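Colleague: Quick one: the structure is below, questions incoming.
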Amino acid sequence: MKSLFLTAGALALGLMASFGAAAAGGGHVPFSYAPDPANTASLQRGARNFTAYCAACHSMSLLRYSRIGEDLDIPEEMLKANLMFNTDSTGDTMHAASAPGAANWFGQKPPDLSLTARARTPSWVYSYLMSFYVDDSRPLGANNTVLAGASMPHVLWELQGWQVKPEKAEGDDAAHEDDHGGGHGSGHGDASPNGLELATEGQLTPKEFQAFVGDIVNFMAYAAEPGRVERQQLGVKVMLFLLVFTFLAYLLKKEYWRDVH
Ligand code: HEC
């Protein structure tokens, strides 16, 4: 029995260590994003935006349309009209529209995104989507500060506009100024935490774009664990039950032992 506990303890420690390592090993993550699984409106927008901008290349092979409908309060007709472009069956999972050819086009097959928000963390995915920039040396004209050399095009460029990396020389100058104590990183008011600057504006303001990306990441976090809200609600009920039950057990114990003392 004792060795069983020891093994379980060692296993738990090992798991914690490996989670820590995975979180730390993700490279530079300039933004943080906390998903809100209870915000159904955001999840609905995220599902719609994911379908419109991502599902051409990316599948979510672990998520069925029927489950999305149930969880996000989307009636079947709306599911079919807004989310399901390549199937009629709500029992289907979200598969990518362009899967076969995509492998050759982008040098890398667009990965399935069912579990990405958990494997990479929501902050990573949010940062990745915020961090495409113009890079003429890349085949698709874009690069990414979070995933250098990414073979995914900047699919949201019309909404965000184009970001650029500030010129090397300028960067050096700024660092130089900082050396001399000038340091407010001034001069470029709109440099974002990933070090990029917006060179051409998109259809959305930076605030609107952040919200847009946030909704997509919220949806991806939901997709990675559709049962999360339910699990948390059940957890609260279980804790309440245990509290009440402990109190009752205590009263009972007092009752039983009253005559003994
Ligand atoms: C034109 C096809 C295409 C579209 C559209 C597209 N992607 Fe990608 N995506 C890719 C490819 C290819 C990769 C692989 C990049 C690499 O590893 O170099 C990728 C990688 C990713 C990754 C990184 C996965 C990982 O763990 O490395 C995420 C996250 C992602 N895409 C999210 C999205 C989201 C969200 C959208 C919609 C806003 C989207 N993608 C639209 C092609 C696409």
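The values are calculated or read from the model by the stated rules, or taken from the named source; none is laboratory data. This one's a predicted model, so the numbers in the text were calculated from it and none came from an experiment. Cβ: placed from backbone, ideal geometry, glycine included. Neighbour counts: every protein chain shown. Quick note on the areas: whole protein, heavy atoms, side chains included, nothing else; ligands and nucleic acids left out. Shrake-Rupley method; radii C 1.70, N 1.55, O 1.52, S 1.80 Å.
Colleague: For the stretch 108-149, which residues satisfy the criterion of being among the hydrophobic types (A, V, I, L, M, F, W, C), open to solvent by 30 Å² or more (accessible area, probe 1.4 Å) and within 10 Å of the chain's Cα centre (by Cα)? Can you show your working first?
Modeller: So the first thing to find is which residues in the stretch 108-149 are among the hydrophobic types (A, V, I, L, M, F, W, C), and the list is 113, 115, 117, 119, 124-125, 129-130, 132, 134, 140, 142, 146-148.
Going one step further and asking which of them are open to solvent by 30 Å² or more (accessible area, probe 1.4 Å), we end up with 115, 119, 134, 140, 147-148.
Matches in the stretch 108-149: Leu115, Ala119.
Colleague: Return a yes/no flag: does the stretch 45-52 have any residue that is farther than 23 Å from Gln210 by Cα, surrounded by fewer than 15 Cβ atoms within 10 Å (Cβ to Cβ) and either within 16 Å of the ligand (Cβ to nearest atom) or outside the structural domain of Gln233 (by TED's automatic domain parsing) (or both).
Modeller: No, the stretch 45-52 contains no residue that is farther than 23 Å from Gln210 by Cα, surrounded by fewer than 15 Cβ atoms within 10 Å (Cβ to Cβ) and either within 16 Å of the ligand (Cβ to nearest atom) or outside the structural domain of Gln233 (by TED's automatic domain parsing) (or both).
Colleague: Go through the residues of the stretch 68-78 one by one and say whether even a single one is outside any loop (DSSP other than H, G, I, E, B), surrounded by fewer than 17 Cβ atoms within 10 Å (Cβ to Cβ), within 10 Å of the ligand (Cβ to nearest atom) and in the same structural domain as Gly214 (by TED's automatic domain parsing). Don't jump to the end; show me each part of the working.
Modeller: So the first thing to find is which residues in the stretch 68-78 are outside any loop (DSSP other than H, G, I, E, B), and the list is 68-71, 76-78.
If we keep only those that are surrounded by fewer than 17 Cβ atoms within 10 Å (Cβ to Cβ) as well, we get 70, 76-78.
Narrowing further to those that are within 10 Å of the ligand (Cβ to nearest atom): none.
For the stretch 68-78, residues outside any loop (DSSP other than H, G, I, E, B), surrounded by fewer than 17 Cβ atoms within 10 Å (Cβ to Cβ), within 10 Å of the ligand (Cβ to nearest atom) and in the same structural domain as Gly214 (by TED's automatic domain parsing): absent.
Colleague: Still on this structure, I have one more. Tally time: how many residues in the stretch 109-165 are assigned to a loop (DSSP other than H, G, I, E, B) and within 10 Å of the ligand (Cβ to nearest atom)? Full working, then the answer.
Modeller: Taking the stretch 109-165 as the starting set, the residues that turn out to be assigned to a loop (DSSP other than H, G, I, E, B) are 109-115, 121, 131, 135-141, 145-156, 165.
Add one more test, that the residue is within 10 Å of the ligand (Cβ to nearest atom), and what stays is 109-113, 115, 140, 146-156.
The number of residues fulfilling the criteria is 18.
So that you can scan it fast, the table gives a plain yes or no per residue for (1) in contact (Cβ under 8 Å) with a residue 60 or more places away in the chain; (2) among the polar types (S, T, N, Q); (3) over 30 Å from Arg67 (Cα atoms); (4) exposed (fewer than 13 other Cβ atoms within 10 Å of the Cβ):
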residue: Pro206; (1), (2), (3), (4): no, no, yes, no
residue: Phe212; (1), (2), (3), (4): yes, no, no, no
residue: Pro226; (1), (2), (3), (4): yes, no, no, no
residue: Gln233; (1), (2), (3), (4): no, yes, no, yes
residue: Phe241; (1), (2), (3), (4): no, no, no, yes
residue: Leu248; (1), (2), (3), (4): no, no, yes, yes
